[in-house]
Every structure is written in C-alpha cells, then in structure tokens.
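Notes follow the structure.
Every read-out reported here was derived from the displayed coordinates using simple, explicitly stated rules and does not represent laboratory data. Keep in mind the model is a prediction, meaning the values are calculated, not measured. Note: ideal-geometry Cβ built from the backbone for every residue, glycine included; neighbour counts use all protein chains shown.
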Amino acid sequence: MEKRELTCIMCPLGCQLTVTIDGEIITVTGNNCKRGEIFGKEEVTCPMRIVTSSVKTEKGVRACKTSKPVPKSMIFEVMKEIEKLRLKNAKFGEVVIKNVLNTGADIVITANE
Ligand code: SF4
C-alpha cells in the first residue's frame, strides 16, 4: 500500500489530500468535494493540467490557454505547437489550434492585448 500527500488545485481552498493506492483500489481522503476525489485519483494515474502560454502575432503576443486540461506528460509538446504559430492577429476567445495533438483541447486566446 502506498500513500501520497497532495494539495488539491481545483479551487482556492487547496484541501490537503491523502491518496491511498492499494493495488487497483485508489481512495482519496481530505477532500471537501467530489472534484478533489477526481483530482486525487487522476493525479496518481494520469495527471492533467491546463497549459497557459502566449502566441506570437504581427501586433505582439497574445495570452492563450488550453480549453481543458491536457496530460501533464504532454505539456512540453503542446507548448512547442503554440510556439510554431505566427498569426496576423488574434482576438479574445478565438480558437487558434483545434484539438491540439489530439488531446481534445483547443488553444484559445485569453486576451486582446
Ligand atoms: S477538494 Fe473541493 S473544496 Fe477542496 S480544494 Fe479541491 S475542489 Fe476545492
């Protein structure tokens, strides 16, 4: 049996989680809601993260992020895809990469300037 101590990052409360792995059975304690349980289980099986970055345009750079979390192991590759972009312009809310690297997440512009 293995125990891992984690901080839930799904909301500002930051509950301290204890994830117990006993073979295929994973239990989470310390969470105040279901999201913490899901986060704790994912974190020990396939950790996921939102990626934030910036896209180069002719008018400067625009902040962007993934529309949903992507596997933590793919963050570097997703960043490389974003770095390849050279756009004329990009507006708030615009999808600049659809389904980046087949993760199911889009790259979305999050600021106008
Ligand atoms: S377990 Fe729920 S209440 Fe606690 S930090 Fe995570 S999301 Fe927030």
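Overview of values
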read-out	value
Some residue of segment 53-76 being without any contact (Cβ under 8 Å) to a residue 12 or more places away in the chain and within 16 Å of the ligand (Cβ to nearest atom)	no
Matching option when the condition is under 16 Å from LEU101 (Cα atoms), outside any strand (DSSP E or B) and out of contact with any Ser or Thr (no Cβ under 7 Å at 6 or more places or on another chain), among GLU43, GLU81	GLU81
Residue count, segment 4-49 (criterion: acidic (Asp, Glu) and over 19 Å from PRO71 (Cβ atoms))	4
Test: residue in segment 21-28 that is in a loop (DSSP other than H, G, I, E, B) and surrounded by 13 or more Cβ atoms within 10 Å (Cβ to Cβ)	no
Enumeration of residues in segment 10-41 that are among the basic types (Lys, Arg) and more than 6 Å from the ligand (Cβ to nearest atom)	LYS34, LYS41
